[in-house]
1. Of the residues Glu198, Glu208, Glu222, only one is at pLDDT 95 or above and under 19 Å from Arg165 (Cα atoms); which?
2. Could you figure out which of (1) within 16 Å of the ligand (Cβ to nearest atom); (2) in a helix (DSSP H, G or I) isn't true of Met115?
3. If the requirement is being out of contact with any helix residue (DSSP H, G or I) (no Cβ under 9 Å at 6 or more places or on another chain), surrounded by fewer than 24 Cβ atoms within 10 Å (Cβ to Cβ) and free of Cβ contacts under 8 Å to residues at least 24 places away in the same chain, which of these qualifies: Glu107, Glu99?
4. Would you point out which residue out of Met62, Met77, Met89 is within 16 Å of the ligand (Cβ to nearest atom) and either within 18 Å of Glu307 (Cβ to Cβ) or modelled with pLDDT of 95 or more (or both)?
5. Please find, within the range 281-315, the residue that is nearest to the chain's Cα centre (by Cα) out of those that are open to solvent by 40 Å² or more (accessible area, probe 1.4 Å), away from the ligand (no atom under 16 Å from the Cβ) and of a type in the set (Gly, Ala, Ser).
6. Within the range 271-280, track down each residue that is within 16 Å of the ligand (Cβ to nearest atom) and either outside any strand (DSSP E or B) or of a type in the set (Lys, Arg) (or both).
Amino acid sequence: MSKELNIPACGEPGIVTRDTQLYSPDTCARELAQLNRRYPGVTALALVGTSHLGQPIYALKMGNDGAGRRVLVQAAMHGREWINAQLVMTQIEDYLSGEEYAPLLDEACFLLVPMCNPDGVRIAQEGAGWIEDEEARALVEDLIARSGQAHDQWKANGRGVDLNRNFDARFAEQTDPRETAGPAYAFYRGERAESEPETQALVQLTLEFQPTVTLSYHSRGEYIYWYFGQSGEALRRDEALALRLANLAGYACDPSGKAEIDSFGGYKDWCVQALGIPAFTVETGKAAWGVPVPIERFAEIYPSCRELTAEAAREK
Ligand SMILES: [Zn+2]
């Protein structure tokens, strides 16, 4: 931990906020520090990057660092999907506090980045008013205006780059009629692969941690994406795990992977292509609920997803 946090005393049984609210980067950081204090033996908290607009990006390591099963989890890569930061934080607290998870924390290691796009989250939650740098604030205000939508629809980072198109996986081949030639509230891939500090932080963290599987929580659609051109044994392995996760959550997935051929530049795509590991994008919440998924739906989303991160660490 290299950032000072103002940490309230721990007195309540529950640390992570589960009721209705806008789950902010500050709340997330404070609760990560509280979890780390309450469970010092099995957790380690680290500052792993800084966003374009200067906000810290944190990762919590949990479990047995010497274990062979290594799961990297990231959420809120798209600003408006901040409900999934709350989801990952709730998983962390449930796994740390539930006796039934003790064997798993002995056999596996988890590295969790609950909010990897804190600038995008704040823009989606608050608009541009909090941005101190005048030029940066004017850009975000302009991009919100040009989007023709409210600030709560914002997906990109603080520079108008869609982080889940900025990874080095078929980066140059992306074709999406919605993408603009420059920064936007969503869909713009960036000038080059890994141009963004948030992308760089996640790539470096992944290479250091060497996960055996990764999970990315997005919203929405109750769907699990897994395919990015795998073949042979990797195809069979990843398909089997995708089906296991989908069955567990009651979510859909395409066993053939054919529906996912248009994937580009995503974190999941990069993990499959560059690292050769199974990687999943979990789209939480029903499509009909709209975006951002109303926080009132959290109590409906969470029970379906509670076991997904744990399941990814289990060998069957
Ligand atoms: Zn997303």
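1. Values: Glu208 fails: under 19 Å from Arg165 (Cα atoms); Glu222 fails: under 19 Å from Arg165 (Cα atoms).
Matching residue, one of Glu198, Glu208, Glu222: Glu198.
2. (2)
3. Answer to the check: Glu99.
4. Numbers: Met62 fails: within 16 Å of the ligand (Cβ to nearest atom); Met89 fails: within 16 Å of the ligand (Cβ to nearest atom).
Selected residue: Met77, the only one of Met62, Met77, Met89 that is within 16 Å of the ligand (Cβ to nearest atom) and either within 18 Å of Glu307 (Cβ to Cβ) or modelled with pLDDT of 95 or more (or both).
5. So, considering only residues that are open to solvent by 40 Å² or more (accessible area, probe 1.4 Å), away from the ligand (no atom under 16 Å from the Cβ) and of a type in the set (Gly, Ala, Ser), the one nearest to the chain's Cα centre (by Cα) is Ala299.
6. Filtering the range 271-280 down to residues within 16 Å of the ligand (Cβ to nearest atom) leaves 271, 279-280.
The one that is within 16 Å of the ligand (Cβ to nearest atom) and either outside any strand (DSSP E or B) or of a type in the set (Lys, Arg) (or both): Cys271.
Each row is one residue, and each column tells you yes or no for (1) part of a helix (DSSP H, G or I); (2) away from the ligand (no atom under 16 Å from the Cβ).
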{"position": "Gly182", "(1), (2)": "no, yes"}
{"position": "Glu194", "(1), (2)": "no, yes"}
{"position": "Thr206", "(1), (2)": "yes, yes"}
{"position": "Gly221", "(1), (2)": "no, no"}
{"position": "Glu233", "(1), (2)": "yes, yes"}
{"position": "Asp269", "(1), (2)": "yes, no"}
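The values are calculated or read from the model by the stated rules, or taken from the named source; none is laboratory data. Bear in mind that the values here come from a model prediction, so they are computed numbers and not experimental data. Glycine gets a Cβ as well: all are built from the backbone with ideal geometry, and neighbour counts include every protein chain shown. These accessible areas exclude ligands, DNA and RNA; they are computed on the full protein's heavy atoms, side chains included. Shrake-Rupley method; radii C 1.70, N 1.55, O 1.52, S 1.80 Å.
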